[in-house]
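Here, each number is a calculation from the coordinates, and none is a lab measurement. Owing to the predicted nature of the structure, the values given are computational and were not obtained by experimental measurement. Positions of Cβ are generated from backbone atoms using ideal geometry, with glycine treated the same way; all protein chains shown enter the neighbour counts.
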Amino acid sequence: MDNKTLLDKLNSLSIEEKIGQLIQLTGDFFEGDMDTVVTGPLKKLGLSSSYNVYNTGSILNITNPEKIIRLQTDYLEKSVHKIPLLFMADIIYGYRTIFPIPIAQACSWNYEGIEHAASVAARECYEEGVHVTFSPMVDIVRDPRWGRVMESPGEDTLLAKKYAQSVVLGIQGRNLESTAVPANKIAACVKHFAAYGAPVAGREYNAVDMSEHALREYYLPGYQAAIEAGAKLVMTAFNTLNGIPATGNEWLNRDVLRQEMNFDGVLISDYAAIEELIMHGYAEDEASAARLALLAGVDVDMKTAIYANQLKNVISGNDHMLELLNEAVYRVLKLKNDLGLFEDPFRGLQEIVKLSTSSILSDEHKKAALSLAEESVVLLKNENVLLPLSKDTKVALMGPYAEENSTLGMWAIKGEETDTVNLKTGLLKHVDSAHLTVCRGAYMMPVHARENLGKYADKLAAETIDEEVLLQQAIQNANEADVIVLALGESIYQSGEGGSRTNLTLPEPQLKLLHELSLLGKKIVLIVYSGRPLILTDVAEKVDAIVQAWYPGTMGGEALANVLYGEVNPSGKLAMTFPRSVGQIPVYYNELNTGRPNLKENGSYRFASRYIDEVNEPLYPFGYGKSFTSFEYSLLAVSPKKMKTNESVDIRISVSNTGTYDGKETIQLYIRDKFASVARPVKELKDFKKVFLQSGETKIVEFSIDEDMLKFHGRGMEYKSEPGEFEVYIGSSSQEILLSFSFIFLPEDKHE
């Protein structure tokens, strides 16, 4: 449909029909006769009984293809203007083929693999009739107390930008010359705008209070990258930002998002966020909430009655508000047009169902999930080269995750535990059952702590065996084994949305099991399942090896087993810092230096920026991750040492695999601006290269530093570079710097 026809369609709608296009409901509003709908979902949501559900623009979280065909068919039959429904769903990191959670994916530093994972999810969604997914989430997070760490790309701006771009391109495709979304692809929605990952005290939905400089410098670039990659939608955040709720923030959504970031797609509220403007104390009543949200540019009201009940009165007699309504409806219609829904309201779904063709959980898709899971694993410790294990080693596998299939994370809403390869199954692909004993050893978490999980408490397995019996069985198995593989972690319901925690250690029953096993003198490999960095300081002293598994997805058990037995050399690097204690939080690598830095040469000097009861450094820093092999770096050339505008500093280094295993190394390049008009971080990741090296192989790796890599937001929020001296650090993590040098940036209009 061309743009003129689209505008004609818009102009043919009544006010009520226009408002309907901005409403998102769930499928139950279209089930049964009208009397049932009025007394059921309409009444529950508070929608007026006069509301015509067949004006509604979109449906939330219906993923059954037969049901989608039925709903769309019924809707079009009863709709006056035959504008198809949009079907949107929370498919965050896989539809049925579940990939590692996003924070794990970011640890792979493999953005081609991340893009491919997103394309697999998009294809499975397309085949099930989903048009829009609420992904990627690109909220920077520096506080592991926050439950939604699991959905984030971590703490670094560069990684967030690359993650945002990769996921959007995977979901929507690379055809940026056209606004049309091709077959096998769907529309991406980047979220949550903005700064949702920085709530005060790490508490879900809490206020965000930060400077505009920090917002622009660190938090906004991830969203910008998604928009530049073509994201069709943006979702507002639940939080207030410097006192104003994001969903009603006109400056944020119109001035910054629409004008500065050039976003012309659909802005959708998060679940009930428009209604929550009242609870924030920002809107006086529902009419005020509707007015403020529309003024702020919110196009779609997800799952509330605010727009449906209030917009008509808000718009009445107000030409400006009517203009804003028309703009919002146009954006929704354009999205439907870009998806090809006016030509085929089912996007090929009828033919897919008729032919029973499906790629869902195909061998190809599971292979992709396995590969990304293998690269997402981070080896945190490997004392005395305990790993990889020999296949004739007698292993005692134990812990709540030994045979647990619930390793998909909280937001795998279509993932099935029955499809999941657990750790025991993975290990048995490598060793004979005679070399493997398996027991649980401990509860996942204390029974008394389950009440904090609310409705999710019922999803945990019933604990019917005495804890002491579990422990004694574990000790017996351990005594008969050469190595203990201990699979511990937080429950998937202890992380994710609404899963903020103040105590980030392993649950009490698991800590008890670990302590008792550590007294036996056996070698222990700890596998940690979690949706966030946990506090492993005391734990690390009691084990010989630590493998951070995260929630690794459908193929997780096989991926972990491949690492444990050396078929895969771990190459994951942390996308988020692991603190030593909760008291260090928030902790991140690119901090400012302060006027009194804690210099090593000053020893325990009191009046420095330090703790008196703990070191400043984290347990495991950003960018950290061990390998079964070793790598050696040497600097070959840097040219020039003085850089002018439109020039670059070109770097050539030699990287050698000096160990006995083939492996991948991620070479990380950090820059420090030594002096600027605003204080700058001690270092910032500006580039990286992930290379594969066979044992004994050497490769030349090249980097190029250009002026864009030196830019930052100055005092007046202008984005610019400044002349001066810059230090460059190259290494295997943010703390393990193996090479360094400095150069001068001297723009042509400056004189020495």
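Bridges between two residues of the chain, per DSSP, are antiparallel at a rate of about 55%. Taking only the C-alpha atoms of the range 378-564, Rg followed by Dmax gives 15.4, 45 Å.
Relative to the longest principal axis of the chain, what angle (0 to 90°, nearest 10) does the C-alpha long axis of helix 508-518 take? With rounding to tens, the tilt is 20 degrees. With R₀ fixed at 30 Å, the C-beta to C-beta distance from Arg203 to Glu177 puts the FRET efficiency at about 0.10. Each of Ala183, Val543, Ala89 was placed along the dipole of the chain (beta-carbon charges, centred on the mean Cα), and the one lying farthest toward the positive end is Val543. Model label sites at Lys82 and Leu7, defined 7 Å from Cα along the beta-carbon direction, differ in position by 2.3 nm. For Glu31 and Val691, the difference between the fully extended length at 0.36 nm per residue and the C-alpha to C-alpha distance is 232.2 nm. Working from the Cα coordinates of the range 334-404, the gyration tensor eigenvalues give, after taking √(5λ), semi-axes of 47, 17, 11 Å in decreasing order. For the pair the range 381-396 / the range 631-699, the C-alpha centres are spaced 32 Å from each other.
The DSSP beta bridges internal to the range 631-745 are antiparallel in roughly 95% of cases.
Size check on the range 631-745: the Cα extents along the three principal axes, sorted descending, read 53, 24, 17 Å.
Exposure proxy ranking for Leu636, Leu739, Leu277, based on other Cβ atoms within 10 angstrom of each Cβ and starting from the fewest, stands as Leu636, Leu739, Leu277.
Projecting the Cα atoms of Val483, Asn452, Val314 onto the charge dipole of the chain (Cβ charges, centred on the Cα centre) puts Val483 farthest toward the positive pole. Here the dipole of the chain is about 660 debye; that uses its Cα centre as origin and unit charges on the Cβ of Lys and Arg (positive) and Asp and Glu (negative).
I'd like the distance between the alpha-carbon centres of the range 172-230 and the range 235-309, rounded to an integer number of Å. The range 172-230 and the range 235-309 have Cα centres spaced 15 Å from each other.
Fewest-first ordering of Asp662, Asp139 by other beta carbons within 10 Å of each residue's beta carbon gives Asp662, Asp139. Ellipticity at 222 nm from helices only: DSSP H runs of n ≥ 4 in the chain, each -39500 (n - 2.57), divided by the residue count, give -7500 deg cm²/dmol. Dividing the Cα radius of gyration of the range 3-355 by its Kirkwood radius returns 0.95 for Rg/Rh. Residues Arg291, Arg652, Arg715, arranged from fewest to most other Cβ atoms within 10 angstrom of their Cβ, appear as Arg715, Arg652, Arg291.
Evaluating kT/(6 pi eta Rh) at 20 °C and 1.002 mPa s, with the Kirkwood radius of the range 615-693 over Cα pairs in the Stokes-Einstein relation, gives 139 µm² s⁻¹.
All other residues whose Cβ lies under 11 angstrom from that of Ile92 are scored, Lys and Arg at +1 and Asp and Glu at -1, for a net of 0. Dipole magnitude for the range 631-745: computed about the Cα centre from +1 point charges on Lys and Arg Cβ and -1 point charges on Asp and Glu Cβ, it is near 240 debye. Taken along the Cα-to-beta-carbon direction at a fixed 7 Å, the label points for His320 and Ile15 span 1.8 nm. Taking the empirical scaling 2.2 N^0.38 Å for compact globular proteins as reference, the chain has a Cα radius of gyration ratio of 0.99. Amide H contacts of Ala187: Val132, Thr133, each under 5 Å away and 5 or more positions distant or on a separate chain (H built 1.01 Å from N in the peptide plane; Pro and chain starts excluded). Mind putting a number on the dipole of the range 3-355 about its Cα centre? Charges go on the C-beta only, +1 for Lys and Arg and -1 for Asp and Glu, and I need it in Debye to the nearest 20. Taking the Cα centre of the range 3-355 as origin, the dipole is about 460 debye. Within a Cβ distance under 13 Å of Gln473, other residues only, what is the Lys/Arg minus Asp/Glu net charge? Result for the neighbourhood of Gln473: -4. How far, in degrees from 0 to 90, does helix 319-338 lean away from the longest principal axis of the Cα atoms of the chain, to the nearest 10? Between the helix axis and the principal axis of the chain, the angle is about 60 degrees. Report note on the peptides 255-264, 214-223, 544-553: ranked by the mean count of other C-beta atoms within 10 Å, highest first, their order is 544-553, 214-223, 255-264.
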